[in-house]
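Participant: Quick one: structure below, then a few questions.
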Amino acid sequence: MLRSLTAGIVLAFAGSRANIARTILSCAGVVVGIGALILVVMGSDFGQRYAVAYSEIQGGLPATLQVSVSGEISDRDALEEDLYRAGGEQVSLYQTPGDLIRIRSGDTAAPDVEFRGVDAELGDIRRLDMAQGRWFSEEDTESLAPVLVINQSLADVLPDLARVQIGQDRWVEARVVGVIADSNMDFSWQTAYLLRSPASEEILFSAPESEAPAEEFGFPMGENTYVVRVDPEHPGTADYGGAFAQTLASAGWRWGVTDPEAIWSYRADSADMLEEPLRYMTWGLLGIAFITLGTGLLGVLNVGLVTVRERRRELATYRALGATRFTLFVAVVMEAVVVSVVAGAIALAGCWALGSLASVVVTELDLVPPGVDVRVPADGVLLGLGSAAGVGLLAGIIPAARALRASVVAGLRE
Amino acid sequence: MAVGTPLPGAARSPDDTSPLLRVEGMTRHFMVSGTRIDVLHDCTFQVARGEVVAIVGQSGSGKSTLLNLLGLLDRPSGGTYVFDDVDTTRLGEGRRSRLRGEGIGFVFQQFHLLERRSALANVGVPMVLGGVPVLRRRTRARELLESVGLGHRLSSQPHQLSGGEQQRVALARALSREPALILADEPTGALDAASSRMIMDQLLAQAELRGAAVVVVTHDPKVAERAGRVVELVEGRTR
């Protein structure tokens, strides 16, 4: 049995090598089919990682809520305590300052910078890719000067990050501790995060001289905004995070907001929402890829059947030389498997090259968040080569069965 | 093959006089469109180890059918065929294939070499089927091709060889597993007179060297007269 198996495999390899034209012909359909399959897995993997990264940068890690409270807060400490009591595991201020803040370095001023007042905890809630320096630490809250993290676009226009001033009516010295990687998913082209601390309290919570900018869009984040990360299973995540606002509103009297309508909360992360359409899209594309692969299978099967008919004399010669039926069965099936796996490897190499090229393009054009590249995932490799072997096996069995049925004597007469 | 079981035809004691093959009352008929056609009737003969036997007869007398039966490529409709002390009529398909590979070498009229494979690879095929390790296989194939005068054509493919050279490759292939029996079906049928003579010389010399019996089916009286014994088939019956 083992000898027959080994002999069958040796003959299969020799047959594939000897009949290059047949091998290439059989390969073509499978290369396209397996290539399509791997591209779908690649695309799906890229889409998922892109969606997760986008969501984590833009909104936060899974189960992040944005909570806004309109109106004057009588006790901010009580509100923040209640944000934890309502289910928050990490809480950060996410405050648009009441008035326009400007930033300059020496004589160079950046006029259109969007500021957000945040806590150091935001670094645990959102994905922040640092290009230089670091994110805020708790020690920074003791700084006598306001502490900033700015994005790369802003850093590029400021000539000296060690000499930075911010201000509304008057300029104050500020300290830049880090620069986050530029991405087009920030809330503005030029962005600055200002750490909430005694040094920045006045700037962040001063009464606006004009209407808050966010109100212009009717967006309820202008006054008192927080980002809150809860357990994904927490009931507060129900109704896209709306349930959290209802829970919080029940204690509103403690911090001077009694109107439940003045409290909003919603899911800031979008990974969950993107997951379902992505899944349907992946299934749809996988279906198309499998149909393509099925066509490739029929191609290999067809070539296999034709060649078995053409090779009756060769197969009969093998039988005359002592090949058992099992050996011939293995040889014919293995030929199809070898051809398909080679085709799968070619498709894999093609997809890898395509992925590398696409990765360079999207990275160079800054189309994707940092760290999200286009690549062939491990399950794509397994699925591609596994499907190739499966196709070969399926496409080889029928011709092999025919090869076994053929009469040796008739084959030798041809 | 179990340890201790001798290869067919190998290492026999010189005083072993049992016949290599024994055919008794063998018949073969075919059904064609519901009509029974009897090709062989009650064939009985035997071949000793190392003996050279020619089977002659007119076209349609059943020579090739008999050769296929002796080569275990076909099953008789009746009678007994004992090869190397094994009653082949009771063997399963797998065992028949192994016995054929180990004990019988074929030389066909049309050579039946595998296209797009070198002479060396062609000679190696029976050894692949016999599980001979690759290095030993190559060495032996080279030696066999050198012994039939083709040491300079090892990597030539069949279409690059003359008819006589192709038949010599086929002869080397038939000898590759040291068979006890060589079956040759019109081995010179596709060759000119000079090549025919050379092939017969080499076939008989190599068989004698290895102690193999030869059964050759032929129309050619010159080939038949070189056999030690002639079995004539007339209308499917041996004489």
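The values are calculated or read from the model by the stated rules, or taken from the named source; none is laboratory data. If you're wondering where the values come from, they're calculated on a predicted model, not measured in any experiment. Quick reminder, even Gly has a Cβ in these numbers, built from the backbone with ideal geometry, and neighbours come from all protein chains shown. When the accessible area is computed, the model is the full protein with side chains, heavy atoms only, and any ligands, DNA or RNA have been set aside. Shrake-Rupley method; radii C 1.70, N 1.55, O 1.52, S 1.80 Å.
Participant: Can you tell me how the stretch B:150-229 classifies by the Cα gyration tensor, rounded, prolate or oblate, using a/c under 1.5 as the rounded cut?
Facilitator: Oblate, since a/c reaches 1.5 and b/c is not below a/b.
Participant: Let me ask something else. Can you check what the net charge comes to around A:G384, using other residues whose Cβ is under 14 Å from the Cβ of A:G384 (Lys, Arg +1; Asp, Glu -1)?
Facilitator: Computed value for this residue: -1.
Participant: Still on this structure, please answer the following. Once you average over the residues of B:173-180, how many Cβ atoms of partner chains fall within 10 Å of each Cβ?
Facilitator: 1
Participant: Continuing with this model, one more query. Pull out the extension gain between A:L382 and A:L305, defined as 0.36 nm times the separation in residues minus the alpha carbon to alpha carbon distance; nm, one decimal.
Facilitator: Stretched fully, the A:L382-A:L305 segment lengthens by 24.9 nm.
Participant: Let me ask something additional. Just want to confirm a number: the relative contact order over chain A, from Cα pairs under 8 angstrom separated by 6+ residues, in percent.
Facilitator: Relative contact order of chain A: 29 percent.
Participant: Now for a different question. Sort the stretch A:61-271 into rounded, prolate or oblate with this rule: let a ≥ b ≥ c be the square roots of the eigenvalues of the Cα gyration tensor; rounded if a/c is under 1.5, and if a/c is not under 1.5, prolate when a/b is larger than b/c, oblate otherwise.
Facilitator: Judged from the Cα gyration tensor, the stretch A:61-271 comes out prolate (a/c at least 1.5, a/b above b/c).
Participant: Right, something else. Taking the 0 to 90 degree range and rounding to the nearest ten, how far is the long axis of helix B:193-210 tilted relative to the main principal axis of chain B, both from C-alpha atoms?
Facilitator: That helix lies at roughly 90 degrees to the long axis.
Participant: So how do A:399-412, A:356-369 stack up, highest first, on mean other-Cβ count within 10 Å?
Facilitator: In descending order of packing, they fall as A:399-412, A:356-369.
Participant: Mark the label point 7 Å from the Cα of B:L209 along Cα→Cβ and return the residues of the stretch B:121-137 whose backbone N is within less than 19 Å of it.
Facilitator: B:121-127, B:136-137, by backbone N distance to the label point.
Participant: Another question about this same structure. Which one, B:M200, A:T324, A:S55, projects farthest toward the positive side of the charge dipole computed for the protein assembly as shown from Cβ point charges (K/R +1, D/E -1)?
Facilitator: Checking the options against the dipole of the protein assembly as shown, the answer is B:M200.
Participant: Hey, another quick one. Extending each Cα 7 Å along its Cβ direction at A:E261 and B:S155, get the distance between those two points in nm, one decimal.
Facilitator: Each label point lies 7 Å from its Cα, and together they span 9.2 nm.
Participant: Can you list the DSSP H helices in chain A whose Cα atoms extend at least 27 Å along the helix axis and whose mean Kyte-Doolittle hydropathy is -0.5 or higher?
Facilitator: A:20-58, A:271-310, A:325-364, A:378-405
Participant: Once you put a point 7 Å from the Cα of A:D231 and another 7 Å from the Cα of A:I24, both along the Cβ direction, what distance in nm separates them?
Facilitator: 6.3 nm
Participant: Hey, if we sort A:D129, A:D140, A:D77 by accessible area with the 1.4 Å probe, largest down, what's the order?
Facilitator: A:D77, A:D129, A:D140
Participant: Between rounded, prolate and oblate, where does the protein assembly as shown land on the alpha carbon gyration tensor, with a ≥ b ≥ c its root eigenvalues, rounded for a/c under 1.5, else prolate if a/b exceeds b/c?
Facilitator: Because a/c hits 1.5 or more and a/b exceeds b/c, the protein assembly as shown counts as prolate.
Participant: Only Lys, Arg, Asp and Glu count, each charged at its Cβ (+1, +1, -1, -1), so figure out the dipole size of the protein assembly as shown about its Cα centre, rounded to 20 debye.
Facilitator: Rounded to the nearest 20 debye, it is 7620 debye.
Participant: Round to the nearest 0.05 the FRET efficiency obtained for B:S162 and A:R402 when R0 = 35 Å and r is the Cβ-Cβ distance.
Facilitator: My answer for the efficiency is 0.50.
Participant: Something else now. Just grab the label-to-label distance for A:T6 and A:A162, each label 7 Å out from Cα along the Cβ direction, in nm (one decimal).
Facilitator: Distance between label points: 7.4 nm.
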